[in-house]
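The numbers here are math on the coordinates, done by the rules we state, and not lab data. Every value quoted in this text rests on a predicted model; they were computed, and no experiment measured them. Please note: Cβ atoms are built from the backbone with ideal geometry, for glycine as well, and neighbour counts cover all protein chains shown.
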C-alpha cells in the first residue's frame, strides 16, 4: 500500500478523483484545440451508468467478444485480472467465463467504466488491441522459429528454462540440457527501436552474469533481432562482456534464422556438423 493511504479503497478513490479531474481538463483542451473541426453528430452510446452489474455480467457472458473493448476502455489487462481475481489464462478476446467469474469480473471493472461510451469508440479500442495482439503473435512465432532451429541443427535439446539466483528468478528462452545444471543458455531478444538498445542490452548482460554466477562452467549466447543492420556494431559493443560467449543477429526470414543458428551452434561446438 502506498504511503499516506489507510486502505486500497482510499488509494483507488484518490486516483479516480484525479482521473476525473484530468478527463474534464482534457475535454476542455480538445474543444479549444480542435474547435474549427468539432461537429455534433447523432451516435449510438452505451449508458453504463444506468446498467446494473448483473446485466453487464450477463451481457459479457452471452457475448464474450465484447469484453476486450470494455477492458481497454478501463485500461485493464489480463495480468491484472489474474493477479487480483485469480482468473488465470483469460483470453480477453474470446473469454470462457462461468456465471460466477462473470459477476466477479463485472464487480471489478464497473467502477472504472465511464458513464457512457460511444459504440465506435469501443470498436476502435478493440481494433487497436487486436492489431497489437497480432504483432505480438508474430514476435512469438519468430522466437519459436529460433527455438525450433536450435533443436534442428544442434546436437543437444533446447527448451525454455528458469533459474534462480538468491531471490531473483530469470528465464532463458532456450537452454540445454532440459534438466540439471545449465550448460548453455540462450537469450532471444527483439530490439525494435533505437531507444531500447541500452535497456535491452543491460538486461542481457545482467542475465548472463547471473547465469555464470550460478553455473560457472556454462556458456551464454544471445540471438538478437534489430532491424537497423548498419548499427549492429553498437549492440555488439554494448554486449561486450566476459559472460557472453557469442552474439548472433537474425532477421525474420528463415534463411537468416538458419544462418544465425548454425553460426551460434558452431561457435559453441554443439552443431551437428
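In degrees between 0 and 90, to the nearest 10, how far off the longest principal axis of the chain does helix 197-214 point, with axes built from Cα atoms?
Tilt relative to the chain: about 60 degrees.
Over the chain, what is the relative contact order in whole percent, taking alpha-carbon pairs under 8 Å and six or more residues apart?
On the way: 316 pairs, mean separation 35.0, N = 273.
RCO, the chain: 13 percent.
Given a Förster distance of 41 angstrom, what is the FRET efficiency for residue 206 paired with residue 44, based on the Cβ-Cβ distance and rounded to 0.05? Spell out each step's value before the answer.
Numbers: r = 51 Å, r/R0 = 1.24.
Calculated transfer efficiency: 0.20.
Take every DSSP beta bridge whose two residues both sit in the chain, then give the antiparallel share in percent to the nearest 5. Don't skip to the answer; put the middle values down first.
Details: 13 of 24 bridges.
The antiparallel proportion sits near 55 percent.
How would region 140-267 be classified by its alpha-carbon gyration tensor: rounded, prolate or oblate, with rounded meaning a/c under 1.5 and the a/b versus b/c comparison settling the rest?
Working: a/c = 1.73, a/b = 1.16, b/c = 1.49.
It is oblate, given that a/c is not under 1.5 and a/b is not larger than b/c.
Taking the Cα centroid of region 224-273 and of region 9-44, what is the distance between the two, rounded to the nearest whole Å?
About 48 Å separates the Cα centre of region 224-273 from the one of region 9-44.
So, R0 is 22 Å and r is the distance between the beta-carbons of residue 51 and residue 11; what FRET efficiency does that work out to, to 0.05?
0.25
Under a plain spin-label model, where a point goes 7 Å from the Cα along Cα-to-Cβ, how far apart in nm are residue 162 and residue 229?
Result for the modelled spin labels: 3.9 nm.
How far apart, in nm, are two points set 7 Å out from the Cα along the Cα-to-Cβ line at residue 86 and at residue 132?
2.8
Using 0.36 nm per residue of separation minus the Cα-Cα distance, give me the extension gain between residue 32 and residue 119 in nm, one decimal.
Values: separation 87, 0.36 × 87 = 31.32 nm, distance 2.45 nm.
Contour length minus Cα-Cα distance gives 28.9 nm.
From the helices alone, meaning DSSP H stretches of at least four residues, give me the mean residue ellipticity at 222 nm for the chain, per-run term -39500 (n - 2.57), in deg cm²/dmol to the nearest 500. Present the calculation step by step, with values, prior to reporting the outcome.
On the way: 9 runs with 137 residues, N = 273.
Using -39500 (n - 2.57) per qualifying helix, the result is -16500 deg cm²/dmol.
Quick one: angle between helix 119-153 and the longest Cα principal axis of the chain, in degrees between 0 and 90, rounded to 10, please.
So the helix axis and the longest Cα principal axis differ by about 10 degrees.
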